[in-house]
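Notes follow once the structure below has been shown.
The values are calculated or read from the model by the stated rules, or taken from the named source; none is laboratory data. If you're wondering where the values come from, they're calculated on a predicted model, not measured in any experiment. For neighbour counting, all protein chains shown are included, and Cβ atoms are generated from backbone atoms with ideal geometry for every residue, glycine included.
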Amino acid sequence: AQDLQARPAAPPLPEPPTSSTPTDPDQVQFSASGLEYDTDADIVTATGEVRMFRQGDRLRADKVVWNRKTGKVLATGNIAVTNPQGDIAYGDSIELTDSLKDGVVDNMLVVLEQGGRLAAKQGTREADGTVELRSAAYTPCAVVNSAGCPKEPTWKITAVSVTYRPDRKRIYYAGARLHLFGLPSLPLPKFSNPVGGGSDSGLLSPNGGYSRVNGFEVSIPYYVKLAPNQGLVVTPHLYTSVLPMLQADYSALSTRGAFSLRAYATESRRSDDLTTANSADTSMAFRGYLDGMARYQLTPNWSVSGSLRLTTDRTFLRRYDISRDDRLRSTASLERIDDSSYFALTGWYVQTLRVNDSQGQQPIALPEIDYRKRFDDGLVGGRVQLQLNTLALTRTDGQDTQRAFASAQWDLRRLTNWGQEVTFTAFARADAYNTNNTDATSIVSYRGLEGFHKRAIGAAAVDVKWPFIGMFLGGTQRFTPRVQLVAAPSIANTRIPNEDSRAVDLDDTNLFALNRFAGYDRFEDSSRATYGGEWALDLPGIAFTTNIGQSYRLGTRPTILPDGTGLSDRFSDIV
């Protein structure tokens with residue numbers, strides 16, 4: 001009983017043999033190796049690979065006894081009954097009517113066409129296809145491993161009785177209990193689920209909580225299945241200290257991509273005071289938040305994506321504990337990628353949630369265009385990358401900046417006879433900037449000069465790695481000393497506005513970078529030597545990696561790198 005692994009899922013029974021003459025759809029067709037007919041009792045006994053067919057219902061057994069007077073069919077030995085939906089019922093013995101639709105099965109196993117298994121000590125099937133099981137179990141999980149050996153399903157439901165309704169494609173339980181990883185865990189007195197492990201409309205698990213501002217909270221999500229690839233979750237949030245809030249989550253999946261949108265809506269007092277529900281501001285207002293994202297692959301090369309994050313005010317997300325972000329960024333992007341080039345047309349908008357920040361100072365980027373192309377130089381075996389980039393930043397009450405540049409980088413990698421890896425790099429870039437209303441930027445070093453300005457950038461570098469490898473502790477260890485020399489002339493950085501290079505952090509990812517500023521608006525113009533090493537140990541099932549390094553600025557001219565970055569002195573911090 002309740003053995004979900006008793007029989008493998010056999011393929012559907014073969015279709016009935018075709019006949020050149022019309023047949024009555026109510027007629028029972030059968031085939032067998034041996035056939036006996038008791039004319040007095042009107043009983044047909046078929047043995048050996050018995051097959052019976054009627055109106056899409058099929059029976060297979062080793063032996064079938066058919067009483068034509070009573071219409072009863074008793075089958076024994078390797079029994080399998082298939083309905084028109086493709087569900088297969090296995091059993092030790094089965095008693096059916098000659099319609100092959102209803103009957104009683106002992107030690108029953110049902111393999112559902114849409115996925116999943118039902119097992120029971122005894123089961124009955126009605127003429128409409130409804131299956132009633134006693135002392136039953138259900139699982140949609142695999143019951144054999146990759147080698148074909150039986151295994152315990154990840155989860156299953158056992159019940160005193162189970163009803164399978166194929167017309168509703170749903171299974172109903174009475175006296176059920178959920179088993180996880182073979183252990184009983186959660187009682188389910190009254191429960192139902194769709195067959196095949198798919199989704200269906202219904203209540204989801206409720207949640208609760210407490211906050212000093214909103215009081216006790218209870219949320220009760222309800223899932224609405226709109227389509228096989230679309231769903232909506234509606235969640236009312238109930239509070240003891242404030243009005244309820246409604247949340248809706250919509251998601252859709254297609255062959256080209258996916259889309260999701262989350263929305264919150266309520267009415268409450270807008271206030272920057274998050275410590276109490278009774279703020280000084282007594283006016284009620286609509287408050288809400290939108291959070292969405294989408295990505296679609298239009299062709300193998302082209303894709304479009306976007307994200308949306310907007311809220312009605314600066315304290316809504318924190319008051320309802322939705323997010324602690326202090327800025328919300330909405331984006332849109334069109335991209336093309338192939339083996340040797342990249343193109344992107346993007347834009348973004350920033351909403352600040354900081355109390356002391358001005359929304360008019362937040363940038364709106366529309367558009368940013370970036371194109372990159374790589375190809376071999378064809379002369380000495382190096383690789384060239386060209387880049388074209390343009391960006392327009394607009395602020396409703398602040399500095400506006402437009403930027404365009406074209407750059408070229410050449411890299412040549414060679415291995416010496418002694419095993420050193422030597423990389424030569426040459427870089428050149430031409431910039432054009434236009435900016436206005438610079439006085440609106442409070443930090444002078446970020447402003448640049450008003451009007452149109454151009455800038456030329458150049459740098460050359462040689463990078464040498466010398467890896468050593470050997471055995472250690474039953475594994476493989478590698479030690480790689482590394483030295484890099486970079487030469488760059490003085491660059492007119494301060495005339496250019498600094499929009500994207502304000503944060504500088506020295507770490508192992510940019511220690512050996514040609515430019516250790518994160519963006520394009522600032523370029524490190526010092527000549528320097530960088531040195532360090534990396535050690536790695538690879539053991540069976542585990543690996544360790546560590547590195548250390550430092551850079552030394554060769555020139556004495558002042559640096560534009562600010563204090564606290566680890567790069568402002570001639571000797572950098574050790575990474």
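Some notes on this structure:
- In the set (1) on the phi < 0 side of the Ramachandran plot; (2) loosely packed, with under 14 Cβ neighbours inside 10 Å; (3) not in a strand (DSSP E or B), Ser323 fails one condition alone, (2).
- If the condition is being outside any strand (DSSP E or B) and of a type in the set (S, T, N, Q), then the range 192-229 contributes Ser199, Ser201, Ser205, Asn214, Asn229.
- Every pair of residues 6+ apart whose Cβ atoms lie under 6 Å, when the first sits in the range 100-120 and is farther than 12 Å from Val162 by Cβ and in the same structural domain as Pro84 (by TED's automatic domain parsing) while the second is modelled with pLDDT of 70 or more and among the aromatic types (Phe, Trp, Tyr): Leu109/Tyr90
- Within the range 340-356, the set of residues being assigned to a loop (DSSP other than H, G, I, E, B) and surrounded by 15 or more Cβ atoms within 10 Å (Cβ to Cβ) comprises Leu353 only.
- Residue match in the range 502-524 (condition: surrounded by fewer than 16 Cβ atoms within 10 Å (Cβ to Cβ), in contact (Cβ under 8 Å) with a residue 40 or more places away in the chain and not in a loop (DSSP other than H, G, I, E, B)): no
- Boolean, Pro363 is buried (at least 16 other Cβ atoms within 10 Å of the Cβ) and either at positive phi or of a type outside the set (S, T, N, Q) (or both): yes
- Each residue in the range 5-59 was checked for being touching an Asp or Glu at 6+ places or on another chain (Cβ under 9 Å) and either modelled with pLDDT under 70 or of a type in the set (Val, Ile, Thr) (or both), and 8 pass.
- Candidate set: the range 234-256, residues that are closer than 15 Å to Leu290 by Cα and either of a type in the set (A, V, I, L, M) or exposed (fewer than 15 other Cβ atoms within 10 Å of the Cβ) (or both); chosen: the one nearest to the chain's Cα centre (by Cα): Ala248
- Selection status of Val160, modelled with pLDDT under 80 and either surrounded by 15 or more Cβ atoms within 10 Å (Cβ to Cβ) or out of contact with any His (no Cβ under 9 Å at 6 or more places or on another chain) (or both): no
- Output for the range 354-395, where each listed residue is β-branched (Val, Ile, Thr) and in contact with a strand residue (DSSP E or B) (Cβ under 8 Å, 6 or more places away or on another chain): Ile364, Ile369, Val380, Val384, Thr390, Thr394
- Residues within the range 440-469 that are without any contact (Cβ under 8 Å) to a residue 40 or more places away in the chain and either on the phi < 0 side of the Ramachandran plot or part of a loop (DSSP other than H, G, I, E, B) (or both), tallied: 11
- When the range 25-80 is filtered for residues that are over 24 Å from Asp106 (Cβ atoms), under 52 Å from the mean Cα position of the chain (by Cα) and charged (D, E, K, R), only Asp26 remains.
- Annotation: of all residues in the range 169-191 being of a type outside the set (Lys, Arg) and part of a loop (DSSP other than H, G, I, E, B), the one that is surrounded by the fewest Cβ atoms within 10 Å (Cβ to Cβ) is Phe181.
- Number of residues in the range 41-64 that are of a type in the set (Val, Ile, Thr) and farther than 26 Å from Leu118 by Cβ equals 4.
Okay, residues lined up against (1) of a type in the set (Val, Ile, Thr); (2) assigned to a loop (DSSP other than H, G, I, E, B); (3) surrounded by 13 or more Cβ atoms within 10 Å (Cβ to Cβ):
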site: Ala529; (1), (2), (3): no, no, yes
site: Glu534; (1), (2), (3): no, no, yes
site: Leu537; (1), (2), (3): no, no, yes
site: Thr545; (1), (2), (3): yes, no, no
site: Gln550; (1), (2), (3): no, no, yes
site: Gly555; (1), (2), (3): no, yes, yes
site: Thr559; (1), (2), (3): yes, yes, yes
site: Gly564; (1), (2), (3): no, yes, no
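- No other residue among Ala406, Ala430, Ala440, Ala426 is under 38 Å from the mean Cα position of the chain (by Cα) and either surrounded by 14 or more Cβ atoms within 10 Å (Cβ to Cβ) or closer than 30 Å to Leu379 by Cβ (or both) apart from Ala406.
- In the range 462-498, residue surrounded by the most Cβ atoms within 10 Å (Cβ to Cβ) [restricted to those that are within 40 Å of the chain's Cα centre (by Cα) and under 16 Å from Asn515 (Cα atoms)]: Gln484
- Any hit, the range 131-141, residues being assigned to a loop (DSSP other than H, G, I, E, B), in contact with an Asp or Glu (Cβ under 9 Å, 6 or more places away or on another chain) and surrounded by 17 or more Cβ atoms within 10 Å (Cβ to Cβ): no
- Close pairs (6 angstrom Cβ cut-off, 6 or more residues apart or separate chains): in the same structural domain as Gly77 (by TED's automatic domain parsing) and surrounded by fewer than 16 Cβ atoms within 10 Å (Cβ to Cβ) in the range 29-47, of a type in the set (Ser, Thr, Tyr) and part of a strand (DSSP E or B) anywhere: Gly34/Thr47; Glu36/Thr45
- Hey, Arg336 among the charged types (D, E, K, R), at negative phi and surrounded by 15 or more Cβ atoms within 10 Å (Cβ to Cβ) or not: yes
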